[in-house]
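Working notes for the structure below.
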Amino acid sequence: MGFVESNISKKQIDKILNSNYGISGEIIRLDGEIDFNYKITDKKNHSYLLKISRPKFNPDYIDYQLKILEHLSKQNEIKTSTVLTTFNHEKSIVVKDKLGKDRSIILYNWIDGRLWSKVNPKTKKLREDLGSQSSLITRSLLKFNHSFSKRKIDWDIANSLWVEEYIPMFKNEEKEIAEEFIKSFKERLDDFNKLKKSIIHNDINDNNIIVSNNLKNPKVESIIDFGDSVFSQTINDLAITCAYAIMNLDDPLTACLDVVRGFNKNLKINDSEIKLLYNLIGIRLIISVTKSLINRKKEPENKYLLISEKSAWSLLKKWRNINPEFAYYSFRKACSLDAIESKIQFENWAKKNKFSFKDLFPKEKKSKVFKIDLSIGSKWIGGREEIEDLKFFEFKINRLQEENPKCLIAGGYLEPRPIYSSSSYDKIGNQGTESRTIHLGVDFWLQAGTQVSSIFDGEVFTAVNDAGDKEYGGLIIIKHKTKDFSFFTLYGHNTARSVLKNKVGSKVKKGDIIAEVASFPENGNWASHLHFQVILSMLDYKNDFPGVCYHDQLDLWKDLCPDPNLLFKCSDLDQIKIKSDNELINFRKKHLGKSLKLHYDTPLHIVRGEGVYLIDQNGKKYLDTINNVAHVGHEEGEIVNAGKNQMSILNTNSRYLHSSINELTNELLSTLPKKLNVVHFVNSGSEANEIAVRMMKAHTNSNNIIVSQHGYHGNTNICVDISSYKFDGKGGKGAPKNTHVISIPSKFNLSYKKNRNVDFHIKELEECIHKIKSQNKKLGGFIIEPIISCGGQVELPKGYLKKAYKIIRENGGICISDEVQVGCGRVGKKFWGFQLHDVIPDIITIGKPLGNGHPIGAVVCTSEIAESFANGMEFFNTFGGNPVSCSIANQVLRKVKKNKLQKNSFEVGNYLKNELKKLSRKYKIIKDVRGEGLFLGIEFLDGEMNPLENETKYIVNRLKDYGILSSYDGPNNNVIKIKPPIIFSKSHCDYFVKYLDKILKEDYLFI
Ligand SMILES: Cc1ncc(COP(=O)(O)O)c(C=O)c1O
């Protein structure tokens, strides 16, 4: 980069250091705006920071900075730079530069760590720590005085109006933004001038913050460089910290709250300060961009000066779009205050005044409430199709009313709901996509035409028909004034005619009819109901107001929109307390199997599945890239209905004639080669493999089976005995005597372990058979997956299986293909995994995808094997092949066919593989991308081909932070497995790749 000449050579620096401090070592020039900075590292690897001032320095200024450090070190609240003294006990010395000008020299100890600007990712926790550490500086400086602090500097927010002169040089939007922030700063100047003042750091920017080198749990180590310290409004330190800490983020306000929360922990911020914070952040950014503008002209080659210009403008553009009042309420909440002061006033007022439902619906006689559950996990509301079938929903509501004639059907305050599914309810936050799900009012489900009256005296604030986006239909908002405060009540989903009779500004009395409930479609959505909401601030809304909010803003919104039931005090409407995740975890720990595992350090509480998403109890959607069981999508409507419908008329065992088992058999066989033509239905993949091994024994009279290293085939006795993943893994006792393990035939191995190829693996197989025979044993068979899943999505080398099957058969064994993971169209090119290898097994076993989540498995074999198995002993399976399971599985296979999902798997899988391969060219740790269709694996290795287990786990956890579920596996836990529902689309791939790409840049993965 283009450094400005310091006019002191490295040789001179070396001499100065040696003669004054007895130090010599490597000298590296660093960035710096005012001073010239150098990192010095001596032979013992001790590092120092050398600061050389510009010429014409002020000795008072040097003294000022030294005194600040001395003070902070005495206060001992935060690690700060310490100053080294010379042989003559001086903290600073003066030397002459090449041009004979005086320069001041100070040598500091070096604080180890990374500059904030270089840290990635900057997490919520780290931002909170930054707030907390910067407040320690600000707090410590409250007790510090120095005459030099009263100087005037450009970077002081209190002195910011100098920028006005430059505003005409900005253009278009940028000019407007600068004008706006300055204007509102000037309007608040009186209030600003009254704020508490103290000496502040005044420059907690991203190059003055040192973060620890701990990459997993980083902390703010120190804040350096007091060169800009000045006597100013104390709150400015927080404004400045925020201004830099929230750059380059999708949602700067949420990030800002983290800093504010952290700051307020050590140094309480008062309401007058909070009121101005939004504007002060804007002003500091305006100073920054104005400085950049000037400096660009003055020192075009000094890039350090311009570094934050682009980010500052981009932040200013986002910042301007945030409602300042909303930011103020958010800051109050982050400071553990009620978001709005009138919250308590409203609560007290509501306590003193009694309201009944008759005040809302004058003709309604019902005084009790039936609380309806429309939450994410509500079984009453049903799946997506039921939710969107508005006629059916209305029918259900009417039926509920008939069943509860004396009750008002109502509910919904702070309920997370699955019904707001359109993307207009979504935003891209700092953690990926977030959905607005939390309902802020109470819904009363009533006959269309029900009259609605104003709950209290007031004035019409809004009377609109928001037919445009059909959110509320006819909407009325009434403004009420009490002695001490005002509030609003919102009445939504009325007829347009009834609402438009009201005139904005006209007075209404308590009990005046203001609207009539409308039916669908006039009401904007659903069956006829009134959405009733209390609002304490309209922000800058006029003709609309949010009726739902994001879960991460719930605490704020529940203050702005208090519970309407505070008015009615009806216990039936009270919110139901749900069990916390911790309670669920503790119960599991006590009463469920000790070897049951939960995903993730902080487990997820999932209550709904929908297509490619799993949704938690708050409505957070997670893109599911793990679940190959939900083959055609979570809770797919037709599949669910097939099960429901059959369940409601018959479910019994397969000893009776029933068409569903025949139809399913037919569906299955139509996908298979003719040779595989007899089906046995079971309940799981394990059971399928269990039967397959029993068939092998019956057919060959031998239980000697060859299996692959790292293979997994199920959890029963026999299955564990043939699963190297288990018997060679934790808690395993090695291979049983009749199980013979061959090394994993891996395509990827071929590329980096030069001694392995198809012949190597075939030779190993032959040797294995030879060994079995040499022990006077007979070969029973060979079981393997076409792509080995638990082994880490390992593709078999081309031509391997064909040769292997031939040898097995030549030696009297049979071949079993475990299709539990890969079957039913997932691998794209073919319907079954074995077809990728151009072979026909003697038995295939099927599980996971067949029931799309319902437990059903199947074993398909040749008629010869079926004959051998039918040796007189009846095969009875209580649940296997029951009509419900068969109806579901039938629907799954039909769906794959009808919706061409095998083709989708092929195309989308190829697209994703390609995108991942592009990433592998960008990031060295991705050593292999493999698999077929939507059954892919990404392997992470270092430069020496060592597996990167911790890094893989890190990525999986970080993906979860962005709302993406993924899993890792393989003998070294260094392979991310991708096996989503096969309705996965290219846009889902893009989302996955976007965040994987982002995560791969993070410091933890820099190896
Ligand atoms: C390849 C393979 N076979 C068999 C099974 C066992 O299936 P289930 O868990 O349905 O018993 C699994 C389960 O993960 C599997 O991955």
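The values are calculated or read from the model by the stated rules, or taken from the named source; none is laboratory data. All of these numbers come straight from a predicted model, not from anything done at the bench. Cβ: placed from backbone, ideal geometry, glycine included. Neighbour counts: every protein chain shown. Just so you know, the surface numbers come from the protein's heavy atoms only, side chains and all, with ligands and any DNA or RNA stripped out. Shrake-Rupley method; radii C 1.70, N 1.55, O 1.52, S 1.80 Å.
Annotations
- Karplus-derived 3J(HN,Hα), 6.51/-1.76/1.60, for each residue of the range 432-444, Hz, glycine and proline x: x, 6, 10, 10, 7, 10, 8, 7, 9, x, 10, 9, 10
- Compactness index (Cα Rg / 2.2 N^0.38 Å), the range 689-792: 1.07
- A 1.4 Å probe, protein heavy atoms only, puts the accessible area of His658 near 60 Å².
- Residues whose amide H comes within less than 5 Å of that of Met247, counting only those at least five positions distant or on another chain, are absent (H built at 1.01 Å from N in the peptide plane).
- Solvent exposure of the range 418-510 amounts to 39 Å² per residue of accessible area, where only protein heavy atoms count and the probe is 1.4 Å.
- Hz values of 3J(HN,Hα) by residue in the range 172-180 - Karplus curve (6.51, -1.76, 1.60), Gly and Pro given as x: 6, 4, 5, 5, 4, 4, 4, 4, 4
- Shape summary of the range 165-321, radius of gyration then Dmax from alpha carbon positions: 15.8, 47 Å.
- Net length gained if the chain between Ser314 and Asn666 were fully extended (0.36 nm per residue, minus Cα distance): 120.6 nm
- Rounded to the nearest 10 square angstrom, Glu663 shows an accessible area of 80 square angstrom against a 1.4 Å probe.
- Taking a ≥ b ≥ c as the square roots of the eigenvalues of the alpha carbon gyration tensor, the range 240-350 is prolate, as a/c is not under 1.5 and a/b beats b/c.
- Those GluC sites (Glu not before Pro) in the range 925-998 that DSSP places in a loop and that have at most 15 other beta carbons within 10 Å: Glu944
- Helix 271-298 vs. the chain, principal-axis angle (Cα, 0 to 90°, nearest 10): 80
- Once the 1.4 Å probe is applied to the protein heavy atoms, the range 253-402 comes out at 46 Å² accessible per residue.
- Helix axis angle, 342-352 relative to the chain longest principal axis, alpha carbon, degrees: 70
- The tail of the calculated P(r) for the range 755-840 beyond 22 Å holds 28 percent of all Cα-Cα pairs.
- Phi-derived couplings, Karplus 6.51 cos²θ - 1.76 cosθ + 1.60 at θ = phi - 60°, listed residue by residue for the range 972-986: 10, 6, 10, 10, 8, 9, 10, 8, x, x, 7, 8, 3, 10, 5 Hz, with x used for Gly and Pro.
- Close amide H partners of Ile626, meaning residues 5 or more places away or on another chain with modelled amide H under 5 Å apart, are Lys979.
- Quotient of Cα Rg and 2.2 N^0.38 Å for the chain, N being how many residues it contains: 1.15
- On Cα atoms only, tilt of 10-21 relative to the major axis of the chain in degrees: 80
- The listed peptides 814-823, 897-906, 593-602, 477-486, ordered by packing as a protection proxy, come out as 814-823, 897-906, 477-486, 593-602 (highest mean of other Cβ atoms within 10 Å first).
- Convex hull of alpha carbon positions in the range 889-1007: directionally averaged projected area 7.6 nm².
- Rg over Rh [alpha-carbon atoms, Kirkwood Rh] for the range 388-431: 1.15
- Tensor-based shape of the range 947-1007 (alpha-carbon gyration tensor, a/c under 1.5 rounded, otherwise prolate or oblate): oblate
- With an a/c value of 1.5 or above and a/b not larger than b/c for the gyration tensor axes a ≥ b ≥ c computed over the alpha-carbon atoms, the range 783-926 is described as oblate.
- Relative contact order for the range 871-1007, counting Cα pairs under 8 Å that sit 6 or more residues apart, in percent: 22
- The sum of -39500 (n - 2.57) across all DSSP H runs of n ≥ 4, divided by the residue count of the chain, sets its helix-only mean residue ellipticity at 222 nm to -11000 deg cm²/dmol.
- Isotropic mean projected area of the C-alpha convex hull, the range 49-99 (nm²): 4.4
- Take every Cα pair under 8 Å whose residues are at least 6 apart in sequence, average their separation, divide by the length of the chain, and the relative contact order is 8 percent.
- Local electrostatic count, Lys620, Cβ distance below 14 Å [Lys/Arg +1, Asp/Glu -1]: -2
- Here the range 157-291 exposes an accessible surface that is 46 percent carbon and sulfur, computed with a 1.4 Å probe and the other protein chains kept in place.
- Rolled with a 1.4 Å probe across the full set of protein chains, the surface gives Tyr166 an accessible area near 60 Å².
- For Asn852, residues with placed amide H under 5 Å, excluding near neighbours: His631
- Relative contact order (percent, whole number), the range 742-818, Cα cutoff 8 Å, 6+ residue spacing: 39
- Modelled spin labels at Glu874 and Glu299, positioned 7 Å past Cα toward Cβ, are 9.3 nm from each other.
- Close lysine pairs were tallied over the range 818-917: pairs 8 or more places apart or on different chains with Cα atoms under 24 Å apart number 27.
- Just so you know, the Cα atoms of the range 183-230 work out to an Rg and Dmax of 16.1, 46 Å.
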